[in-house]
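K.L.:
Take this structure first; my questions come after.
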Amino acid sequence: MTGSRFALFPSMGEYQVYDDHVYDAFDAADDRHRAYRDAVRAAAPGKVVVDIGTGRDALWAVEAAHAGARHVYAVEADPHFAARAAEAVESAGLTDRVTVLPGLSTDLALPTRAEVCVSEIVGNIATAEGAIPTLDDARARLCTPTCLWIPFRIQTFAAAVDLSAAGALSLAAESRPYLHAIFDTTGAPFDPRLCLAGPAGDTLISSCVPLESVTFEAFESPPPPDRPWIPSDEQSEATLRIALDATMTGILLWARVAVSARGGREVDALSGDTRAWAPVYVPLPAPAAVTAGDHLTLALARTTSDDGIHPDYVVALDGRPVWHSPHHGGPFRATPFYRELFPSA
Ligand SMILES: C[S@@+](CC[C@H](N)C(=O)[O-])C[C@H]1O[C@@H](n2cnc3c(N)ncnc32)[C@H](O)[C@@H]1O
């Protein structure tokens with residue numbers, strides 16, 4: 001026990017280590033849920049819909065069918081939860097209008113192209129679950145050129161934080177089974193991305209800046225399937241303005257999701273009411289004293305890992321890399337921060 005007001009837990013969505021507890025969190029009637037429900041209800045009537053990553057409860061597939069979709073293809077990569085999704089569709093009495101397809105969307109074909117694509121493969125760093133290559137593949141093979149995309153835009157925001165008064169950080173005990181599941185998935189232990197549990201808004205000491213902004217847009221004419229829609233690899237930069245004299249211990253990265261192009265509330269993982277996303281804490285190699293009015297250049301580099309889907313990230317501050325975060329295959333206990341969290345190898 002540390003007495004810290006924050007516990008850390010590993011960022012999990014990019015490893016698909018879901019269980020009933022995680023899917024229960026997706027079922028909560030929170031900001032994310034309301035925004036998706038409203039967007040699906042507005043878009044689905046009369047349309048062919050594909051739900052990529054329908055999950056245990058086929059939430060958006062069932063919602064789309066109830067809203068009058070012509071047909072829904074609900075794709076789920078995890079075979080166990082695809083079977084559960086099929087049960088959910090059956091108990092909703094919708095088997096004639098919702099087809100559950102087990103498997104990865106990138107490995108499947110649909111009998112007809114979808115006019116609405118709904119997915120929630122948005123990470124704690126927005127692109128971490130592979131939304132860009134996965135939806136680019138859907139754009140090229142599964143959807144019509146004028147397909148309506150839910151979500152419409154995903155972003156990653158960043159700000160400097162001072163956690164020096166928060167006490168020593170440690171892993172939440174209940175997150176350890178997930179950590180081991182992640183290591184099993186990747187084949188070896190490594191230093192994972194870590195999220196902060198608990199409201200973190202009052203730890204911010206700088207302006208908030210967008211470092212990723214990805215908009216999924218329709219085309220009037222079919223785009224060439226071999227042309228990437230949105231670059232998977234990208235480097236972005238922004239200036240952080242320090243708002244108060246403080247000790248900068250790290251940077252928070254968090255997702256903001258514009259679910260519908262037609263307006264509606266954006267879901268912000270830092271300030272919003274949702275358990276589906278949490279901010280990622282990027283610890284600096286050493287805390288740094290900062291003064292109100294200081295300007296720092298923050299950069300995020302995203303490159304696709306060797307699995308072709310999940311990105312690796314590097315964060316740099318004033319031109320100096322401060323955080324290397326490969327999706328898998330990185331070092332274990334590489335920095336004092338991680339050695340303190342994982343005392344034994
Ligand atoms: C964050 S959960 C979302 C579940 C549900 N759609 C919701 O919004 O509550 C993401 C789901 O997508 C699935 N998934 C991720 N990538 C996929 C892909 N390319 N094809 C099919 N399923 C995928 C995962 O197994 C997981 O069940």
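K.L.:
Give just the number: which of (1) away from the ligand (no atom under 12 Å from the Cβ); (2) more than 19 Å from Gly123 (Cβ to Cβ); (3) open to solvent by 60 Å² or more (accessible area, probe 1.4 Å); (4) within 22 Å of the chain's Cα centre (by Cα) does His21 not satisfy?
P.N.:
(2)
K.L.:
Considering only strands (runs of 3 or more DSSP E) fully contained in segment 163-255, which possess at least 2 residues that are out of contact with any Pro (no Cβ under 8 Å at 6 or more places or on another chain)? Working first, answer last.
P.N.:
Values: elements: 194-197, 209-215, 234-241.
The qualifying strands (runs of 3 or more DSSP E) are 209-215, 234-241.
K.L.:
Could you tell me which residue of segment 277-323 is nearest to the chain's Cα centre (by Cα), considering only residues that are small (Gly, Ala, Ser) and closer than 30 Å to Asp27 by Cα?
P.N.:
Per the stated criteria, the residue is Ala278.
K.L.:
Could you say whether any residue in segment 157-168 is within 25 Å of Asp78 (Cα to Cα), β-branched (Val, Ile, Thr) and more than 14 Å from the ligand (Cβ to nearest atom)? Show your work before the answer.
P.N.:
Taking segment 157-168 as the starting set, the residues that turn out to be within 25 Å of Asp78 (Cα to Cα) are none.
No - not one qualifying residue is present in segment 157-168.
K.L.:
Next question, about the same structure. Quick check on this structure: which one of Val75, Val48, Val62 is more than 18 Å from Ala172 (Cβ to Cβ), in contact with a Pro (Cβ under 9 Å, 6 or more places away or on another chain) and surrounded by 16 or more Cβ atoms within 10 Å (Cβ to Cβ)?
P.N.:
Working: Val48 fails: in contact with a Pro (Cβ under 9 Å, 6 or more places away or on another chain); Val62 fails: in contact with a Pro (Cβ under 9 Å, 6 or more places away or on another chain).
Answer to the selection: Val75.
Rundown of residues vs (1) touching a Phe, Trp or Tyr at 6+ places or on another chain (Cβ under 6 Å); (2) more than 13 Å from the ligand (Cβ to nearest atom); (3) among the polar types (S, T, N, Q); (4) assigned to a loop (DSSP other than H, G, I, E, B), yes/no style:
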position	(1), (2), (3), (4)
Tyr73	no, no, no, no
Ala83	no, no, no, no
Glu90	no, yes, no, no
Gly93	no, yes, no, yes
Asp96	no, yes, no, yes
Thr106	no, no, yes, no
Leu110	yes, no, no, yes
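K.L.:
Then there's this: Quick one: in segment 35-69, of everything that is within 19 Å of the chain's Cα centre (by Cα) and at positive phi, which residue is farthest from the ligand (Cβ to nearest atom)?
P.N.:
Ala58
K.L.:
Can you tell which of Ala276, Ala292, Ala261, Ala288 is without any contact (Cβ under 8 Å) to a residue 60 or more places away in the chain and part of a loop (DSSP other than H, G, I, E, B)? Walk me through how you get there before you give the answer.
P.N.:
Values: Ala276 fails: without any contact (Cβ under 8 Å) to a residue 60 or more places away in the chain; Ala261 fails: without any contact (Cβ under 8 Å) to a residue 60 or more places away in the chain; Ala288 fails: part of a loop (DSSP other than H, G, I, E, B).
The unique qualifying residue is Ala292.
K.L.:
Now for a separate question. Just one of (1) under 30 Å from His327 (Cβ atoms); (2) assigned to a helix (DSSP H, G or I); (3) open to solvent by 20 Å² or more (accessible area, probe 1.4 Å) trips up Ser4, so point out which.
P.N.:
Here Ser4 clears every test but (2).
The values are calculated or read from the model by the stated rules, or taken from the named source; none is laboratory data. It should be emphasised that the depicted structure is a prediction, and the values quoted were computed from it without experimental measurement. Here Cβ is always computed from backbone atoms with ideal geometry, including for glycine, and neighbour counts include all displayed protein chains. Just the protein is used for accessible areas: all its heavy atoms, side chains included, with ligands, DNA and RNA removed. Shrake-Rupley method; radii C 1.70, N 1.55, O 1.52, S 1.80 Å.
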